[in-house]
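Okay, so here's the structure we're looking at.
Values quoted throughout were computed directly from the atomic coordinates according to the rules given, and no laboratory measurement underlies them. Everything numeric in this text was worked out from a predicted model, so none of it was measured. Reconstructed Cβ throughout: ideal geometry from the backbone, glycine too, with neighbour counts over all protein chains shown.
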Amino acid sequence: MTESPLLAGLPSLLALAAASFVAGAVNAVAGGGTILTFPVLAAILPPDPARLVTANATSTIGLWPASVAAAWAYRGERQGQPPWVGWLLLPSLLGAAVGVVLVLVLPPRWFAACVPWLILSAAVVFAAQPQLARFAGARAGPEGRDHAAVAPAPSRIGLAALLLFFVAVYGGYFGAGIGILMLAVLGVLGVGDMHRLNAVKNVLATAINGVATGLFAAGSLLGSHSVSWSHAAVMAVAAVAGSLAGSLVARRLPAAGVRRCVALIGFGLAAYYLVVKG
């Protein structure tokens, strides 16, 4: 008696669902869930020269609903945010579009060559997260709405917008670790405490991933690359559940421990791609 294709692929789908659940929770708290879902997709997708591009597009689309859920869950922390924060959406949207275009127009082998270094870069960002968090906290000032209502100098907002543009380019191209990068940039603007920073970060991440999702989906429909929609659907359900769960317990669990685990996974995956796949 032969095993059905569905049952044969069930362990892979369960592994993808588990990785997506954790990725959704990690993204809601800090960011970097792509580190978990991308390698699972790369391992279970059919062999193809453009497999890594497909894995990247599928991971982005599958995790985007979780970004929306995290932004909704943190809606209370966005109350009283200064109006100029909304202008940070523009460089985020533009940068994300540039990053996706780079994925679609550059040869797939270029993306494959960059993957280990992108994962390694994200892991390094996670490893340095305590320092970035202290830096952001020092710049954020005392907790409360009054401090957040004070607009920083226009030059500082301009610099932050420029940095967010480049973060968004990276986010559209690969994206693992952009949450921590955005928290560091937002920290210098005096938006508020870390919870308020996270609320803004989740909105910007939703915008960046939304642009990437739309362009990847359009590219798939036009035949310029592939997206595994069945895997994306499994990811979306699991990631949204993880995102809501992560948002609920974000203030109770030690985020530093979660980030250390993700950083270790990232270093291990980077070593795997550099040594085994290199």
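Residues in the stretch 175-182 carry Karplus couplings, in order, of x, 5, x, 5, x, 5, 4, 5 Hz; the curve used is 6.51 cos²θ - 1.76 cosθ + 1.60 with θ = phi - 60°, and Gly or Pro positions show x. Residues of the stretch 40-66 with an amide N closer than 20 Å to a point placed 7 Å from the Cα of R109 along the Cα-to-Cβ direction: 47-56. Computed extension length for L162-W84: 26.6 nm, one decimal, from 0.36 nm per residue of separation with the Cα-Cα distance subtracted.
Each residue of the stretch 94-104 is assigned a 3J(HN,Hα), and the resulting list reads 5, x, 4, 4, 4, x, 5, 4, 4, 4, 7 Hz, derived from the Karplus form 6.51 cos²θ - 1.76 cosθ + 1.60 (θ = phi - 60°), x at Gly and Pro. Each residue of the stretch 219-226 was assigned a 3J(HN,Hα) from its phi angle through the Karplus curve 6.51 cos²θ - 1.76 cosθ + 1.60 (θ = phi - 60°); the sequence is x, 5, 5, 7, x, 7, 6, 10 Hz, with glycine and proline shown as x. Once backbone amide H atoms are built at 1.01 Å from N, S228 has T58 as its partners under 5 Å, excluding neighbours fewer than 5 places away on the same chain.
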